[in-house]
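Every read-out reported here was derived from the displayed coordinates using simple, explicitly stated rules and does not represent laboratory data. Everything numeric here is computed off the predicted structure, so don't read it as measured data. Here the Cβ positions follow ideal geometry from the backbone for every residue, glycine too, while neighbour counts run over all protein chains shown.
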Amino acid sequence: MSASAGRAGVALPALVAAVALLGLVAAAAAGEIAGLPPATPPFIPQRAEISVGNDIFGRGGLTDDHRTQQLVLALPLGERWVTAVEHSMLTLEKDTATPGRLDQLAASVGYRFGGSDGEMSGWSLLAGAGLRRVGNFGGARIQNGFHRLFDQRSIDLPYVETRQTDATGWLRLEHFAPFPGAGSNVPGAWRFGYWVQASGLASSDGQQDAALLGALTASRGWFGAWLGLRGDWREGYDADPVQREAARNDAGGFVVVGLRAGPVLLETSQGFQPDKAFGRLSFVADLPAGDWPRPPGGEWSLAGGFTVPELYLGLQGRGLLCGWLPCSERRHWRAVLDLRRGQPPLDSANDRYLDAWQFGAGLELEVAPAWLPRWLTLFGSAGAGWRSEQLKGDRYLTGAASERVGRAVGFGELGLRASTIGIGRHWGFRIQAALSGWLPAGSKRVSLAGRSERLQEPGIALLLGGVIEFRP
């Protein structure tokens, strides 16, 4: 063993131990700049990413205020272009005489100059533009739907009156390089390096965001870790107290810690000020040089996810039907078993919620058309089953409940799946996004605390989740 290899062998356990320890005690990092793609390390060749930011990844939801949740979807268009859509929930509940909430919705497109996504070293510049709007985009229903499922208190805050749309322009400059002699040229060896990144955004309303990050990295195959410092700045958020306090909380210094295991990323950090806590859990799709996964997916699969803004948790099992229905290399039929469970708020008053579950079976067709990138597939499904709903009371109506109403239900999905690296020889993981709808066989009015509501109404929501696959 060479001296450098020996030093790497000693440094690796120490680095992993430090990252693991900080990951247990750290609060999560400040939220991503709204409108930019997630700041994922360059040694991860992401093709698509779903990133969920929440203060529960920091101190277990101890803060639960300001930018309390953030969802970012990033998808490339070719080798140089990238798109991003972001939804944030901003709240102001604690230590204020003017409590309130707002949602933030942003969309942008960017172009990469120099380097390319996933390169192991070098400089790159990502420049983009987009739109950013604040208003009511279902954030209260999503937040309180999550709280109901995990038996947490409802957050009853009024939306402030701000309704505004701004154009944005942004830049992201970054450099990544391995340390000389740290396994950078040895296949299968640990690679140690450094990563620096500077991001900035300006809006047509005078809002300005900036972030500066410097980190040490370690990576090997599908495992990676990074540890560094990050500074965030926010200016111009003075339209209302909610935005002003959320920007104040986003700004500051942080110790950033990140771990990557296959397609899953967890990034946390400790704010230099004790009231700063945020973080993100991401699922990243990246297609390796090999042939896994061969589209369109594995023989057996288990999927999990959630829908928004009507918050339901879902679990699905799938199995190939190629012995019964015609399949090809680019087309697979599957049987689907589907289970949904949720307790979304009935309205903004948060005093009533819908206790619902749904079970059914159906068929799914997944195809890999030539006009889509190799790592993307298109799927659609349809089925039937049973749906049960009951209206229940919360807050001052706690304990009150209507009769439970059951109905036959038809359901369907239409969406995309993005491939990731294989997990061993026979296992794989993919992320998916789809429109999910349900159509009960007739509605019924019920009464709770003197008020009448209609149950078993049709609905549609955005489904986000992951798929674990098995291939013999």
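Once the Cβ-Cβ distance of Ala408 and Leu149 is raised to the sixth power relative to R0 = 25 Å, the FRET efficiency obtained is 0.50. For segment 136-276, the C-alpha radius of gyration sits at 1.35 times the compact-globule guess of 2.2 N^0.38 Å, with N the residue count. To the nearest 0.05, what FRET efficiency results for Thr165 and Glu235 with a Förster distance of 22 Å applied to their C-beta separation? Plugging the Cβ-Cβ distance into 1/(1 + (r/R0)^6) gives 0.70. In summary, the lysines within cross-link reach of Lys392, defined as a Cα separation below 20 angstrom excluding same-chain residues under 8 places away, comprise Lys444. When each of Ser436, Ser328, Ser219 is scored by the number of other beta-carbon atoms lying within 10 Å, the sequence from fewest to most is Ser328, Ser219, Ser436. Between Lys444 and Ala189, the contour length at 0.36 nm per residue exceeds the alpha carbon distance by 85.5 nm. Net length available on complete extension from Arg244 to Trp81 is 55.5 nm, with 0.36 nm assigned per residue and the Cα-Cα distance removed.
Treating r as the C-beta distance of Ala400 and Ala261 and R0 as 41 Å, the FRET efficiency rounds to 0.35. Rounded to the nearest Hz, the phi-derived 3J(HN,Hα) couplings of segment 86-100 under the Karplus curve 6.51 cos²θ - 1.76 cosθ + 1.60 (θ = phi - 60°) are 9, 10, 10, 10, 10, 10, 9, 10, 9, 6, 8, 8, 10, x, x, where x marks glycine and proline.
Scalar couplings 3J(HN,Hα) for segment 354-368, obtained by applying the Karplus form with A = 6.51, B = -1.76, C = 1.60 to θ = phi - 60°, are 9, 9, 9, 9, 8, 9, x, 9, x, 10, 10, 10, 10, 10, 10 Hz; x denotes Gly and Pro. The three principal axes of the Cα atoms in segment 300-470 give end-to-end lengths of 58, 29, 27 Å, sorted in falling order. Site pair Asp205 and Ser388 shows an inter-label distance of 4.6 nm when each label is modelled 7 Å from Cα along Cα→Cβ.
The phi-based Karplus calculation (6.51 cos²θ - 1.76 cosθ + 1.60; θ = phi - 60°) puts the 3J(HN,Hα) values of segment 136-147 at 10, 10, x, x, 5, 5, 5, 4, 6, x, 4, 4 Hz, whole numbers, x for Gly and Pro.
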